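Undergrad: The following block contains the structure, expressed as structure tokens.
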Amino acid sequence: MSELVHYEVRDRVAVLTIDNPPVNALGPGVWEAIDEAVARASADGAADAIVLVGAGSTFIAGADINVFKLLKTPQDSMDRSAGTHALLVRWEDAPKPLVAAIHGNALGGGLEVAMSCHYRVAAKDAKVGQPEVNLGIIPGAAGTQRLPRLAGAATAIAMCTDGKPVAAAKAKAAGIVDEVVDGDLLTGAIAFAKARAAAGERRQTREIGFDADAKAAGLAACEKARASLRPEPRAPHAAIDAIQAALTLPFDQGSVRERELFAERVVSTESKALRHLFFAEREAARVADVKKDTPTVEIKRAAVVGAGTMGGGIAMSYANAGIPVLLKEVDDAALQRGLATIRKNYEGSVAKGRLTPEAYERTMALITPTTSYDGFDAVDIVVEAVFENMDLKQRTFADLGRVTRPDCVLASNTSTLDIDVFAQASGRPAQVVGHHFFSPANVMKLLEIVRGKETSASVVASSVKLGKKLAKVPVVVGNCFGFVANRMLAYYMREAYLLLEEGAPVEQVDRVLMDFGLPVGPFGMQDIAGIDVGARIRQYLASVGQTRAEGPQSEVPDRLFEMGRYGQKTGAGWYRYEPGSRERIPDPLVEQLAAEAAAKRGIARRKVGDDEILARIATALANEGARVLEDGFAQRASDIDVIYCYGFGFPRHRGGPMFYADTVGLPTVLARVREYRARFGDYWKPAPLLERMVAEGRRLYQD
Ligand code: CAA
Ligand code: NAI
């Protein structure tokens, strides 16, 4: 018998245990091994029923995602999936009750395998889902055909288009799971299987039909769901098409339609981009010279200094992860302000039903307000989130060096300052690291871990581990101005400002970027974040003779700042806002400021095409990204993609700015940089890495 599926008979039930660590993905050989085991159990006179279970921490996390890259053409996919579909039908035809015992996750192909069993029994904390859209594909093993039969079309559409897993209790209510087991799962599943065998029951999902009402309601749900989707990404549309096929065609024909739709999606750029990000996110946590066995500090207690916008959100992230946190402020008034914001945030979650009142109380109790350093000698980490001021940060780090234990991690949430300077002030530079959260820190998932000159490997490894515990996506970056995210953003914004001066209205620039897939364009985003934030950074840089991004500095954002137009919080910024509304209303004043700025710089304003807006902004990002990479501030191109997608909402289905550059073609990107240099000036310098890669005919990513 295969090592991938273990076989034993317990109490006249054949127990088939899939054992393919770490997540029992349906990799090479696993399908075949299950098939062999089901056949053996079917013929085994000592077994009256069969239970399929996963070894380790989960049932099956789905198909092996690595395999998809082997499918070069839709036909490759069609050939392969025919066999898979046939296997599932064969298992469904097993002569004895076949029960899936689900713990951990049954995702994608995992749920599809479970649905081809006659029954599903789940542990209380198990989850089931069809997350394929997150990979730019649709369920490919008849999930779109079996799920609507079990749970109805509306539930199937929701699960296949948003990709979110469903908890066991909800899955039972929906008809996906037959029983939720409170105690030992396998014991419960064996008992369930024996009872079905005794009653002579076997239910084949594929035999469940739709009556006329269910069919009509299902078709209406398909239409409604289609109308609510953006044109791209395409995978959710394909999932609905496949579910519609389930409603209108016999099972076998519906399955063929699903395979065709899957085959089209799996070779698409959208799917390649999303699969790239799946692995990129996990890769980002690895640091070349920090070995896997590097000792880490377990963070059991934390402290945050500063309870402002960021400090409050950071304290919430710790409390949400169950880590007790001291929250320090300068005085009681500031502390109460910070706590009031935290409470308001949690109360909002309670009101929306995302948090129970008990969980709110429990979480809030983990945050201990203070105005002194008492208790700092007991914490494993301190995150500094005081004002962005070098003197203040240096003083704070000197204090932290005194009041904490030598092994305490000292993290700073600075967004622009040189962490090596306050690392020295602490007297313990090896313990100092940047933990750059994004606003709102309790919501945004990106965490840039900034490695200083002397940051120890253990502190880096501990930070990565902690980042995951805080439910963030940690990415290790180097210590340069703006680190990776904000350094790239400066070039993104520079191009947006210059396009505005040249004649593209803010609403056109924003629309182009939103059509591309961003949730909000550059100007709308700045109205949310605050025009004052960037203006103050520019003022500071000007005082030390520096600029954020090479090239002409548009005066327009600074003029808005001088007028007190900081964005949504002041009712006006790049747009105007009616009281209490976030609707962006174009303001002729901004056009007037842009025209004045253009006149001063001797620019003849013109009509700028949508294509040029996208090309200029995407090229600026890719060129600066190549420099960040070559300078070693990002370890790999894919880290930049992860950062920009999680930090600024770059559309995931485009794979991130570097992946997108590869899609456009590096020779085209370079040709654009050269063209812009000729048109606009020498500040458009091709990144040497980009030039070299084009000369050598290389791409950033291999297919
Ligand atoms: N294929 C290949 N590798 C996988 C995988 C899969 N389906 N799922 C997880 N892995 C790998 C990860 O890459 C990671 O590898 P490294 O340790 O080398 O980085 C390892 O398993 C552990 O994964 P996580 O770090 O993500 O572990 P976690 O505990 O945080 O999360 C999980 C576990 C929720 C299962 C998560 O891994 C996940 O969401 N996996 C993907 C699930 C998915 O999308 N399934 C659908 C696949 S497509 C499909 O099934 C099509 C079909 O219809 C047949
Ligand atoms: P903020 O002004 O909202 O809060 C700073 C808080 O620090 C204030 O409440 C202040 O009273 C407190 N403080 C000052 N000195 C203190 C001391 N000695 N002890 C305890 N508390 C003290 O500022 P914000 O926006 O929260 O920024 C904090 C840090 O986070 C800055 O370094 C900033 O650059 C960085 N950051 C800010 C982001 C943002 O979007 N606001 C994003 C990412 C990083």
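Undergrad: Report, by residue number, each residue of the range 428-447 that is surrounded by fewer than 20 Cβ atoms within 10 Å (Cβ to Cβ) and either acidic (Asp, Glu) or within 16 Å of ligand 1 (Cβ to nearest atom) (or both).
TA: Matches in the range 428-447: Lys445 only.
Undergrad: Among the residues of the range 55-62, are any over 23 Å from Val9 (Cα atoms) and touching a residue at least 12 places away in the same chain (Cβ under 8 Å)?
TA: Yes, because at least one residue in the range 55-62 is over 23 Å from Val9 (Cα atoms) and touching a residue at least 12 places away in the same chain (Cβ under 8 Å).
Undergrad: Another one. Of the residues Ala49, Ala86, which single one is closer than 18 Å to Gly200 by Cα and of a type in the set (Gly, Ala, Ser)?
TA: Only one candidate qualifies: Ala49.
Undergrad: Looking only at the range 619-668, filter to residues that are β-branched (Val, Ile, Thr) and open to solvent by less than 10 Å² (accessible area, probe 1.4 Å); which one of those is nearest to Arg282 (Cα to Cα)?
TA: Restricting to residues being β-branched (Val, Ile, Thr) and open to solvent by less than 10 Å² (accessible area, probe 1.4 Å), the top hit is Val642.
Undergrad: Cβ contacts < 8 Å: first residue closer than 19 Å to Met658 by Cα, restricted to the range 276-295; second residue open to solvent by less than 100 Å² (accessible area, probe 1.4 Å) and within 10 Å of ligand 1 (Cβ to nearest atom), any location; separation 6+ or different chain. Result?
TA: Qualifying pairs under 8 Å: Phe278/Ile65; Phe278/Asn134; Phe278/Leu135; Phe279/Ile65.
Undergrad: Taking the criterion of being open to solvent by less than 10 Å² (accessible area, probe 1.4 Å) and under 22 Å from the mean Cα position of the chain (by Cα), would at least one residue in the range 501-514 satisfy it?
TA: yes
Undergrad: For the range 648-696, name all the residues that are free of Cβ contacts under 8 Å to residues at least 24 places away in the same chain, charged (D, E, K, R) and in a helix (DSSP H, G or I).
TA: Arg674, Glu675, Arg677, Arg679, Glu691, Arg692
Undergrad: Do you know which residues across the range 101-145 are surrounded by 24 or more Cβ atoms within 10 Å (Cβ to Cβ), within 8 Å of ligand 1 (Cβ to nearest atom) and either polar (S, T, N, Q) or part of a loop (DSSP other than H, G, I, E, B) (or both)?
TA: Gly108, Gln130, Ile137, Ile138, Pro139, Gly140, Ala141
Undergrad: From the list Glu675, Glu596, Glu591, exactly one residue is in contact with a Pro (Cβ under 7 Å, 6 or more places away or on another chain) and open to solvent by 50 Å² or more (accessible area, probe 1.4 Å). Which is it?
TA: Numbers: Glu675 fails: in contact with a Pro (Cβ under 7 Å, 6 or more places away or on another chain); Glu596 fails: in contact with a Pro (Cβ under 7 Å, 6 or more places away or on another chain).
The conditions single out Glu591.
Undergrad: In the range 8-38, how many residues are of a type outside the set (Gly, Ala, Ser), more than 16 Å from ligand 1 (Cβ to nearest atom) and crowded, with 18+ Cβ neighbours inside 10 Å?
TA: Pass one, the range 8-38, residues of a type outside the set (Gly, Ala, Ser): 8-13, 15-24, 26, 28, 30-32, 34-36, 38.
This time we only want the ones that are more than 16 Å from ligand 1 (Cβ to nearest atom), so: 8-13, 15-17, 36, 38.
Right, trim to crowded, with 18+ Cβ neighbours inside 10 Å and you get 13, 15-17, 38.
Residues in the range 8-38 being of a type outside the set (Gly, Ala, Ser), more than 16 Å from ligand 1 (Cβ to nearest atom) and crowded, with 18+ Cβ neighbours inside 10 Å: 5 in total.
Undergrad: For the range 308-357, what are the residues that are part of a helix (DSSP H, G or I), touching a Gly at 6+ places or on another chain (Cβ under 9 Å) and of a type outside the set (Val, Ile, Thr)?
TA: Answer for the range 308-357, where residues must be part of a helix (DSSP H, G or I), touching a Gly at 6+ places or on another chain (Cβ under 9 Å) and of a type outside the set (Val, Ile, Thr): Gly311, Gly312, Ala315, Ala334, Arg337, Gly338, Leu339, Asn345.
Undergrad: Condition check: modelled with pLDDT of 95 or more and either of a type in the set (S, T, N, Q) or assigned to a loop (DSSP other than H, G, I, E, B) (or both). Does Val464 satisfy that?
TA: Values: modelled with pLDDT of 95 or more: yes; either of a type in the set (S, T, N, Q) or assigned to a loop (DSSP other than H, G, I, E, B) (or both): no.
Criteria not met by Val464.
Undergrad: What about Asp211, is it buried (at least 17 other Cβ atoms within 10 Å of the Cβ) and of a type in the set (Asp, Glu)?
TA: Answer is no for this residue.
Undergrad: What do you reckon, is Gly338 within 16 Å of ligand 2 (Cβ to nearest atom) and assigned by TED's automatic domain parsing to the domain that holds Glu384?
TA: Answer is yes for this residue.
Undergrad: Still on this structure, please answer the following. When you look at Ala154, is it in contact (Cβ under 8 Å) with a residue 40 or more places away in the chain, among the small types (Gly, Ala, Ser) and either on the phi > 0 side of the Ramachandran plot or open to solvent by 10 Å² or more (accessible area, probe 1.4 Å) (or both), yes or no?
TA: yes
Undergrad: Between Ala319, Ala385, which is within 25 Å of the chain's Cα centre (by Cα), within 11 Å of ligand 2 (Cβ to nearest atom), crowded, with 21+ Cβ neighbours inside 10 Å and in the same structural domain as Asn442 (by TED's automatic domain parsing)?
TA: Sole residue among the options that is within 25 Å of the chain's Cα centre (by Cα), within 11 Å of ligand 2 (Cβ to nearest atom), crowded, with 21+ Cβ neighbours inside 10 Å and in the same structural domain as Asn442 (by TED's automatic domain parsing): Ala385.
Undergrad: Here are Ala359, Ala411: which of them is surrounded by fewer than 21 Cβ atoms within 10 Å (Cβ to Cβ), among the hydrophobic types (A, V, I, L, M, F, W, C) and modelled with pLDDT of 95 or more?
TA: Being surrounded by fewer than 21 Cβ atoms within 10 Å (Cβ to Cβ), among the hydrophobic types (A, V, I, L, M, F, W, C) and modelled with pLDDT of 95 or more holds for just one of Ala359, Ala411, which is Ala359.
Undergrad: Separate question: Going through the range 414-427 one residue at a time, which ones are β-branched (Val, Ile, Thr), assigned to a loop (DSSP other than H, G, I, E, B) and open to solvent by 10 Å² or more (accessible area, probe 1.4 Å)?
TA: Result: Thr416, single match.
The values are calculated or read from the model by the stated rules, or taken from the named source; none is laboratory data. A quick note: this is a predicted structure, and the numbers were derived from the prediction, not measured. Positions of Cβ are generated from backbone atoms using ideal geometry, with glycine treated the same way; all protein chains shown enter the neighbour counts. Accessible surface is based on the protein model in full, side chains and every heavy atom, while ligands, DNA and RNA are left aside. Shrake-Rupley method; radii C 1.70, N 1.55, O 1.52, S 1.80 Å.
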